[in-house]
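The values are calculated or read from the model by the stated rules, or taken from the named source; none is laboratory data. Predicted model only: the values in this text are computed from it and were never measured. Positions of Cβ are generated from backbone atoms using ideal geometry, with glycine treated the same way; all protein chains shown enter the neighbour counts. We work out accessible area using only protein heavy atoms, side chains counted, and drop any ligands, DNA or RNA first. Shrake-Rupley method; radii C 1.70, N 1.55, O 1.52, S 1.80 Å.
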Amino acid sequence: MKKREPIKKIDNVIFFPGLEKRLTDKGLEKLEKKKFHEAINLLEEAREHDPDNHEILIGLVLAYFEASSFKKAKELAKEMLHKGIGDYLQMVDLYLTVLIQLHEYQEIVATIEALLDEKEIPPEKQDHFLTILQFSRRMAENRQSETDIDIDTNYDSIDIIPAETNSQELNLFSIDSLNEQMLLVSSLAEKNIRPYLSEITDYLAADAGHPFLKTILLTLLKEQEIDRELTVVKFAKEKKVIPTQLPEVREEPRLTEVKAFLADQLESKNPGLFENSIRMAERNFFISYPFELEPKSPATWAAAFHHLAQYYLGMDSDVNQLAGEYEVQVEEIEAAMARIELIEKISYPNI
């Protein structure tokens with residue numbers, strides 16, 4: 001006969017057997033459905049009953065991360081590393097992912113250098129960590145240089161670095177890891193981009209290549225005033241663009257209109273839902289840039305973001321009611337939502 005699991009009692013409150021398992025399963029299910037705040041609540045409660053359960057804690061780190069609570073994700077991931085909870089290298093990768101989002105490059109360098117000193121990195125992972133280390137060092141140095149320049153008032157002493165003139169290679173296509181590609185592209189913000197134009201042009205026009213990275217490259221080309229015509233391919237669509245003539249990625253006219261519709265409907269009534277809807281809108285327009293989202297009606301897109309934000313937050317939502325409030329067709333909202341869900345699956349790279 002199977003032995004019954006003992007009943008837990010904490011602070012005179014009785015918890016029935018298997019409660020933490022049910023909370024964990026529900027929390028992970030909410031995480032899978034992108035209902036991040038619900039996932040956090042459930043997993044935090046599960047953690048109270050089983051504080052060292054690696055499944056609960058990893059789920060909670062991921063939920064914090066997806067909800068943009070990067071500092072909480074960092075603290076918990078660091079705590080897990082110190083306690084030795086979960087697979088060590090998996091936790092290191094997760095910790096570095098959070099640090100990159102926080103732009104804490106010095107901490108990344110210190111962490112990887114400690115791993116190398118302690119010979120904790122297996123041979124098959126050496127290249128991965130060394131690549132992250134190389135670019136984190138560069139980013140940390142660039143940030144330090146900017147600080148030094150801000151502090152130094154003797155501008156005559158600053159050396160002017162000549163522009164690079166020889167053709168150079170990024171080898172974006174030869175790097176399999178999307179994480180490493182993103183670090184490489186991020187490093188271009190501190191360089192003259194012209195020596196890399198040929199390869200960037202090929203990357204933008206290729207069917208392969210992450211839409212997020214292509215947007216980053218386009219913004220860099222615009223910032224550095226590249227005025228030649230380029231071909232961009234995203235989602236099996238092709239478009240000719242001249243970077244200097246593109247709108248700022250955060251100031252696209254239709255995105256501005258979508259935000260205005262959402263503000264009218266939500267800003268005063270439900271600020272939390274408004275912020276989540278705006279964040280989703282910005283993410284989708286960023287991924288799609290410089291292509292226009294179809295259907296073209298900003299009101300339709302606002303209704304779709306409104307509905308999905310409610311769904312992700314675990315709130316009831318009636319598409320028919322939203323169609324009336326935004327004065328659009330239900331079919332158009334559903335078409336926009338299908339597009340959003342496709343883009344959300346791509347979303348931002350997991351570094």
>> Ranking request for peptides 231-242, 29-40, 265-276: highest mean number of other beta-carbon atoms within 10 Å first, then the rest in descending order.
In response: 29-40, 265-276, 231-242
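Among residues other than GLN134 whose Cβ falls under 13 Å from its Cβ, what is the net charge (Lys/Arg +1, Asp/Glu -1)? It would help to have the intermediate numbers written out before the result.
Numbers: positive: ARG137, ARG138; negative: GLU113, ASP127, GLU141, GLU180.
After counting each charged neighbour, the total is -2.
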>> Straight-line reach only, C-alpha to C-alpha below 16 angstrom: list the lysines that LYS234 could link to, leaving out same-chain residues fewer than 8 apart.
In response: LYS214, LYS345
> So what is the relative contact order of the stretch 266-351, in percent, for Cα pairs below 8 Å that sit 6 or more residues apart?
Replying inline: 32 percent
>> Give me the percent of accessible area attributable to carbon and sulfur for the stretch 43-103, probe 1.4 angstrom.
In response: 45 percent
>> For the pair GLU292/GLU45, report the inter-label distance in nm, with labels modelled 7 Å from Cα in the Cβ direction.
In response: 4.7 nm
>> Can you give me the C-alpha center-to-center distance between the stretch 267-311 and the stretch 18-70, rounded to a whole angstrom?
In response: 26 Å
> If you count, for each residue, the other Cβ atoms within 10 Å and average over each peptide, how do 51-61, 126-136, 218-228 line up from highest to lowest?
Replying inline: 51-61, 126-136, 218-228
> Ignoring ligands, DNA and RNA, what percent of the accessible area of the stretch 211-351 is carbon or sulfur (1.4 Å)?
Replying inline: 46 percent
> Solvent-accessible area per residue for the stretch 195-341 at a 1.4 Å probe radius, Å²?
Replying inline: 45 Å²
